[in-house]
Amino acid sequence: MDKYYPKNIDPRPHRRHNKDNPYTIFTVGINTDTPHYYVSFKDGQGVRICMEIDKSIYEIFDKFELEDLSYLNEVDRHYEHSELTEITLNRRAVVTVELVEDIVEFDALHTAIKKLPRVQRNRLMLYYFYDMTLDEIAEREKCSVQAVSKSILDAEKNLIKFLSEG
């Protein structure tokens, strides 16, 4: 193994590498009668090593590098890029324990909802718990969107009043 780099490296198009690709290939005198083919890499101690290789070995490295580049381009174009990592997935998977305070608040809210007039209660439930839009509720109940909106606002005001009293 030679630790030296040749002086007159042939120009070559820059190719991006996979971060796990530990080597670089290059040529010297490719347009001459005696071309030379090289591979360089860092050894276990971090020392950059450069060694001459046979043309067939160079072609194998080159083919692998092109396949690797093709894969990287496919990932960029076709795979979903998400900020999800193993850590964020584990955080999401952790079951949180409900606190007694939360359960009591939920019970108080449930009781307050039961105190609402039927129309307010139904529209509030459809809107918040069944994720229906104001238009969908209005169509279902054959009334105007404004009437649905007013009922929900009134229900919210009544809930605040009931919860502050009790």
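Does segment 108-119 include one or more residues that are touching a Lys or Arg at 6+ places or on another chain (Cβ under 8 Å), surrounded by 15 or more Cβ atoms within 10 Å (Cβ to Cβ) and in a loop (DSSP other than H, G, I, E, B)? Taking every residue of segment 108-119 in turn, none turns out to be touching a Lys or Arg at 6+ places or on another chain (Cβ under 8 Å), surrounded by 15 or more Cβ atoms within 10 Å (Cβ to Cβ) and in a loop (DSSP other than H, G, I, E, B). Flag not set for residue 47, criterion: among the β-branched types (Val, Ile, Thr), within 30 Å of residue 161 (Cα to Cα) and either surrounded by fewer than 10 Cβ atoms within 10 Å (Cβ to Cβ) or at pLDDT 85 or above (or both).
The values are calculated or read from the model by the stated rules, or taken from the named source; none is laboratory data. On a predicted model such as this, the values are computed, not experimentally measured, just so you know. Counting neighbours? That spans all protein chains shown, and the Cβs are built from the backbone with ideal geometry, glycine included.
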